Amino acid sequence: MLTPGKGLQEQVSTWMVWGSAILLALSVLGLLGDLLWHGWAQLSWSFLIAPPQNAGREGGIGPMLVSTSLIVGLCMAVALPIGLGTAIFLAEYTQKDHRFGRLIRGSLDVLAGVPSIVFGLFGNALFCQALGLGFSILSGGLTLACMVLPIVIRTTEESFRAIASEQRLAAAALGCSTTTTISAILLPAALPGLLVGTILGLGRAMAETAALIFTSGYVDRMPESLLDSGRALSIHIYDLAMNVAGGNPNAYATALVLVGLLLLINLFASWIAEQWTTLHQLPNS
């Protein structure tokens, strides 16, 4: 709000901030509105569970939902333990000016900027060919784990570093070991940051296309194991929009499902963080 006491520069800054927020909100609403307008009519229970037919023009996305769940689940199952361990090492066992720590952080920054198609070629060369996994859900999940590791590690590390040092000193004064301090005090306090990294990683993994084309494959049947090829939702959208004449209606519907899943994951993670924070603050109230 503008007040007479504010200077012109502060008023302009205020309007720029509000304008940026409104522009972002309008962009999101426009995207959701476009997906709803073109894809809502195609949504039904049978669309969610049925296999695709006629090259995806008809039928549903059941196999793609299962493949996406397996790929993303495998990705996070690999990335979260490694990312959490690396973040704890960087935040609690090394200083910011430590040479080895700087090398790891620099490597993570480089990995975060690598195009996804490069990860796809890397995953194809290592997991599909060198390790003999072929085009499979396992290859796709492991490739995505390499992609989301920088996000998970850096957000979790910053969350640990944001915790007041007084908590560490208090734990040391009570005779707590480093392991106890991390597991019982620092990790619960850093959980919101870990959830943020998880959400960002999930978002990138679920929306990824280029890397999965070279690793998980194009097959649109129901996968029977992690070594089967599986088509993710993002690849299905790309295929319907680019390679299948008349596939746009189902492409919009599939995109609407993908965005809906991302929104549900965000809401669920926010609810967990809120409940965890409430429980963590109860003893102090």
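Every read-out reported here was derived from the displayed coordinates using simple, explicitly stated rules and does not represent laboratory data. Every value quoted in this text rests on a predicted model; they were computed, and no experiment measured them. For neighbour counting, all protein chains shown are included, and Cβ atoms are generated from backbone atoms with ideal geometry for every residue, glycine included.
Entry note, the chain: the mean residue ellipticity at 222 nm calculated from DSSP H runs of n ≥ 4, each adding -39500 (n - 2.57), is -23000 deg cm²/dmol after division by the residues and rounding to the nearest 500. Derived from the Cα gyration tensor, the three semi-axes of the equivalent ellipsoid of segment 146-285 are 42, 17, 12 Å, largest first. Across segment 67-80, computed HN-Hα scalar couplings (Karplus, 6.51 cos²θ - 1.76 cosθ + 1.60, θ = phi - 60°) run 4, 4, 4, 5, 4, 5, x, 5, 4, 6, 5, 7, 6, 5 Hz from first to last residue, x flagging Gly and Pro. Taking other residues whose beta carbon is less than 13 angstrom from the beta carbon of ALA172, and scoring Lys, Arg as +1 and Asp, Glu as -1, yields -1. Across segment 172-185, rounded Karplus estimates of 3J(HN,Hα) from the backbone phi angles (6.51 cos²θ - 1.76 cosθ + 1.60, θ = phi - 60°) give 5, 5, 7, x, 6, 6, 4, 4, 5, 4, 5, 6, 9, 10 Hz, Gly and Pro being marked x.
For segment 69-236, what D do you get in µm² per second when you plug the Kirkwood radius from alpha-carbon pairs into Stokes-Einstein at 10 °C and 1.306 mPa s? For these conditions, the coefficient is 94 µm²/s.
Between GLU58 and GLN53, the built amide H atoms are under 5 Å apart, and every one of these is 5 or more places off in sequence or on another chain. Rounded to the nearest whole Hz, the Karplus-based 3J(HN,Hα) values (6.51 cos²θ - 1.76 cosθ + 1.60, θ = phi - 60°) of segment 196-211 follow the sequence 4, x, 5, 5, 4, x, 4, x, 5, 5, 5, 8, 6, 10, 4, 5, with x at glycine and proline. Histogrammed with a bin width of 10 Å, the alpha carbon distances of the chain distribute as 6, 22, 26, 24, 15, 6, 1, 0 percent, first bin at zero.
Counting beta carbons within 10 Å around each of LEU90, LEU8, LEU24 and listing the fewest first gives the order LEU8, LEU24, LEU90. The simple Förster model, with R0 at 22 Å and r as the Cβ-Cβ distance, assigns ASP109 and GLU158 a FRET efficiency of 0.95.
For segment 69-236, relative contact order (Cα pairs under 8 Å, six or more residues apart, normalised by length) works out to 34 percent. Per residue, the average separation of C-alpha pairs within less than 8 Å and at least 6 apart gives the chain a relative contact order of 26 percent.
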